[in-house]
Amino acid sequence: MVTLHFKGKKLKGELRVPSDKSISHRCIMLGSLNRGEVVVKHFLRSEDCLNTLKAFVELGADVTDTGTELIIKGKGKRSLKEPFNVIDLGNSGTSIRLMAGILAGQPFYSVLTGDRYLRRRPMDRVAVPLRMMGAQIYGREGGKYPPLTIIGKEKLRGISYKSPKASAQVKSSILLAGLFTDETVEVTEPAKSRDHTERMLRAFGVDVEENGLTVRLGKNRELAADLEIDVPADISSAAFFIVGALITPGSEVLLKSVILNPTRTGILDVASRMGADITVLNRRSVSGEEVGDLLVRFTPHLKATVIEGEEIPRLIDELPVIALLATQAEGETVIRDAAELRVKESDRIKSTVENLNAIGACVEELPDGMVIRGKTPLKGGTVSSFGDHRIAMTLAVASLITEEPVVIDEVDSVSTSYPSFFDDLSRLLS
Ligand code: S3P
């Protein structure tokens with residue numbers, strides 16, 4: 001139980017939020033399949049990414065942690081070995097789904113599991129196409145839920161997959177399995193999801209072609225490069241301070257080196273439609289990704305907006321904190337086409353609606369989103385994170401403007417993506 005109340009304080013100062021979770025996972029995975037040396041700077045040392053690191057060490061990867069950098073000495077995509085034990089990926093959906101793709105191409109037996117939240121998340125979205133490629137994948141409830149048992153094949157079949165979801169995890173899992181076949185491998189999505197896998201595969205020398213919403217592996221599928229990757233700050237973590245600063249009178253924060261990959265910047269487009277005072281400074285490219293500094297100031301007159309369709313995958317992880325932002329805007333904000341939120345670390349439609357209403361907001365639940373009535377004063381109250389890091393951080397940010405304290409059942413889950421969240425928050429409070 002944690003009691004938070006920061007009413008009357010504002011957020012002031014400069015902050016580099018921790019590094020991007022999606023990219024940090026991929027550094028370990030692709031670096032281990034690479035033939036060559038990868039130096040990773042600003043690796044995110046959160047529980048999810050450390051679980052990926054541990055898993056690849058169990059699979060035989062050679063990773064040295066210098067304290068400031070990770071050095072991965074890759075011995076090629078055929079160098080992984082059968083793990084001696086069950087691999088526990090904790091809370092991390094990205095780890096289990098992307099690793100399923102890699103392990104589909106390994107001619108050995110492996111078992112992937114996770115915490116009680118991960119074991120309730122659907123895996124058929126990757127198991128179905130990976131089985132079509134020739135891997136044997138078993139799981140609970142007819143193969144749907146972890147623990148997953150994977151018996152891979154040295155040579156998989158190709159696939160032309162029309163993904164029913166705009167999901168980078170599904171797309172990436174198939175592309176990674178596709179490294180273990182010479183046949184056609186292509187994925188078409190209904191809308192563009194984050195493209196870090198494609199970018200990083202290219203940086204390692206793999207041919208990846210893109211045609212509209214279709215991504216296809218080309219002829220060269222060997223990763224062979226000596227690379228230095230500097231991981232930018234995660235916009236999904238910056239989101240909490242973006243919203244915190246926008247809703248808290250007197251705030252002004254400079255968020256440094258935030259990833260501005262266009263598949264990730266939906267929150268900035270939404271904020272801009274709402275009239276938010278955000279300036280992007282010092283736009284630049286770092287390790288193949290766009291990066292910039294965000295100057296965010298308190299904005300008293302925010303306007304409601306509609307968030308739907310192709311914009312959803314570009315801000316999927318930010319929706320709980322965007323819903324909080326919408327409680328302070330003029331008018332009714334509608335979020336739809338976001339049913340995917342129901343199968344995240346928690347059912348984020350339910351956890352967001354219940355919690356915001358518990359602290360005095362007026363939010364209506366939709367099957368695929370929510371309607372948020374704006375300009376509601378938040379009073380505070382007792383809430384639950386549902387064991388979900390992003391819900392815990394959203395509620396902590398809410399406590400900047402609630403009349404009374406916000407009492408949260410647990411906040412340890414923040415270490416999934418942002419272990420220093422509360423230190424950073426208290427540093428910016430003044
Ligand atoms: C991620 C993809 C997204 C996102 C998750 C990270 C990734 O999930 O929600 O936090 O790193 O590929 P989906 O691809 O399932 O939408």
**Request:** Search the range 218-238 for residues being among the aliphatic types (A, V, I, L, M) and within 16 Å of the ligand (Cβ to nearest atom), and hand back the single one that is surrounded by the fewest Cβ atoms within 10 Å (Cβ to Cβ).
**Result:** Ala233
**Request:** Take the residues in the range 37-55 that are within 16 Å of the ligand (Cβ to nearest atom) and farther than 23 Å from Leu260 by Cβ, then tell me which one is surrounded by the most Cβ atoms within 10 Å (Cβ to Cβ).
**Result:** Thr52
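Kindly evaluate Thr402 against the criterion of being in a strand (DSSP E or B) and polar (S, T, N, Q). First the steps, then the outcome.
Numbers: in a strand (DSSP E or B): no; polar (S, T, N, Q): yes.
Answer is no for this residue.
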**Prompt:** Within the range 411-430, restricting attention to residues that are in contact with a helix residue (DSSP H, G or I) (Cβ under 7 Å, 6 or more places away or on another chain) and in a loop (DSSP other than H, G, I, E, B), which residue is nearest to Ile359 (Cα to Cα)?
**Reply:** Val411
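Filter the range 90-107 down to residues that are within 15 Å of Ala61 (Cβ to Cβ) and touching a strand residue (DSSP E or B) at 6+ places or on another chain (Cβ under 9 Å), then give me how many there are. Steps first, answer last, please.
Taking the range 90-107 and keeping what is within 15 Å of Ala61 (Cβ to Cβ), we get 95, 98-99, 102-103, 106.
Narrowing further to those that are touching a strand residue (DSSP E or B) at 6+ places or on another chain (Cβ under 9 Å): 95, 99, 103, 106.
So the count comes out to 4.
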**Request:** Take the range 88-105 and flag every residue that is surrounded by 24 or more Cβ atoms within 10 Å (Cβ to Cβ) and either of a type in the set (Asp, Glu) or more than 16 Å from the ligand (Cβ to nearest atom) (or both).
**Result:** Leu103, Ala104, Gly105
**Request:** Could you grab me the full set of residues in the range 306-346 that are more than 11 Å from Asp368 (Cα to Cα) and either acidic (Asp, Glu) or at pLDDT below 95 (or both)?
**Result:** Glu310, Glu311, Asp317, Glu318, Glu330, Glu332, Glu345
**Request:** Answer with yes or no whether Leu156 is away from the ligand (no atom under 16 Å from the Cβ) and in the same structural domain as Val38 (by TED's automatic domain parsing).
**Result:** yes
**Request:** Within the range 129-136, identify whether any single residue is more than 16 Å from the ligand (Cβ to nearest atom), within 21 Å of Ser22 (Cβ to Cβ) and outside any loop (DSSP other than H, G, I, E, B), and answer yes or no.
**Result:** no
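Looking at the range 16-25, is at least one residue surrounded by fewer than 18 Cβ atoms within 10 Å (Cβ to Cβ), closer than 29 Å to Thr181 by Cβ and at pLDDT 95 or above? Even if it seems obvious, please write down each step before you answer.
Here is the first cut: in the range 16-25, the residues surrounded by fewer than 18 Cβ atoms within 10 Å (Cβ to Cβ) are 16.
In the following step, the residues that additionally are closer than 29 Å to Thr181 by Cβ were identified as none.
No: the range 16-25 contains no residue that is surrounded by fewer than 18 Cβ atoms within 10 Å (Cβ to Cβ), closer than 29 Å to Thr181 by Cβ and at pLDDT 95 or above.
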**Prompt:** Quick one: Glu290 ticks every box in (1) of a type outside the set (A, V, I, L, M); (2) assigned to a helix (DSSP H, G or I); (3) in contact with a Leu (Cβ under 6 Å, 6 or more places away or on another chain) bar one, so which box is it?
**Reply:** (2)
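Can you find, within the range 193-208, the residue that is nearest to the chain's Cα centre (by Cα) among those that are outside any helix (DSSP H, G or I) and within 13 Å of the ligand (Cβ to nearest atom)? Outline the logic, then answer.
Pass one, the range 193-208, residues outside any helix (DSSP H, G or I): 193-195, 204-208.
With the extra rule that they be within 13 Å of the ligand (Cβ to nearest atom), the set shrinks to 193-195.
Working: Ser193: 11, Arg194: 9, Asp195: 12 Å.
Ranking the candidates gives Arg194 first.
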**Asked** Pairs, please: C-beta under 6 Å, at least 6 apart or cross-chain, first residue under 18 Å from His196 (Cα atoms) and in the range 308-321, second more than 9 Å from the ligand (Cβ to nearest atom) and among the aliphatic types (A, V, I, L, M)?
**Response** Glu310/Ala191; Ile312/Ala338; Pro313/Ala191; Leu315/Ile267; Glu318/Ala239; Glu318/Ile267
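Would you be able to say whether some residue in the range 300-318 is assigned by TED's automatic domain parsing to the domain that holds Val407 and touching a Leu at 6+ places or on another chain (Cβ under 6 Å)?
no
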**Message:** Which numbered condition in (1) more than 16 Å from the ligand (Cβ to nearest atom); (2) surrounded by 23 or more Cβ atoms within 10 Å (Cβ to Cβ); (3) within 19 Å of Ser32 (Cβ to Cβ) is the only one that Leu175 fails?
**Reply:** (1)
**Asked** What number of residues in the range 115-150 are surrounded by 15 or more Cβ atoms within 10 Å (Cβ to Cβ), farther than 17 Å from Ser95 by Cα and among the small types (Gly, Ala, Ser)?
**Response** 3
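Being among the β-branched types (Val, Ile, Thr) and touching a strand residue (DSSP E or B) at 6+ places or on another chain (Cβ under 8 Å) is the filter here; which residues of the range 313-335 pass it? Write out each step before concluding.
Step one: list which residues in the range 313-335 are among the β-branched types (Val, Ile, Thr), which gives 316, 321-322, 327, 333-335.
If the condition is that a residue be among the β-branched types (Val, Ile, Thr) and touching a strand residue (DSSP E or B) at 6+ places or on another chain (Cβ under 8 Å), then Ile322, Thr327, Thr333, Val334, Ile335 are the ones that fit.
Looking at Pro190, Pro146, which is the one that is in a loop (DSSP other than H, G, I, E, B), within 16 Å of the ligand (Cβ to nearest atom), modelled with pLDDT of 95 or more and assigned by TED's automatic domain parsing to the domain that holds Val111?
Pro190
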**Asked** For the subset of the range 385-430 comprising residues that are more than 21 Å from the chain's Cα centre (by Cα) and of a type in the set (S, T, N, Q), which member is farthest from Leu255 (Cα to Cα)?
**Response** Thr402
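Looking at Tyr161, Tyr138 in this structure, which one is in the same structural domain as Tyr109 (by TED's automatic domain parsing), under 19 Å from Ser110 (Cα atoms) and of a type in the set (Phe, Trp, Tyr)? Please lay out each step first, then the result.
Details: Tyr161 fails: under 19 Å from Ser110 (Cα atoms).
None of the others qualify; the one that does is Tyr138.
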**Prompt:** Is it fair to say Ile267 is within 15 Å of the chain's Cα centre (by Cα) and modelled with pLDDT of 95 or more?
**Reply:** yes
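Buried (at least 24 other Cβ atoms within 10 Å of the Cβ) and away from the ligand (no atom under 15 Å from the Cβ): which single residue out of Asn34, Asn85 fits that description? Before the answer, list the steps.
Details: Asn85 fails: buried (at least 24 other Cβ atoms within 10 Å of the Cβ).
Unique residue meeting the criteria: Asn34.
The values are calculated or read from the model by the stated rules, or taken from the named source; none is laboratory data. Being a predicted model, the structure only gives us computed values, none of them experimental. So basically every Cβ, Gly included, is an ideal-geometry build from the backbone, and we count neighbours across all protein chains shown.
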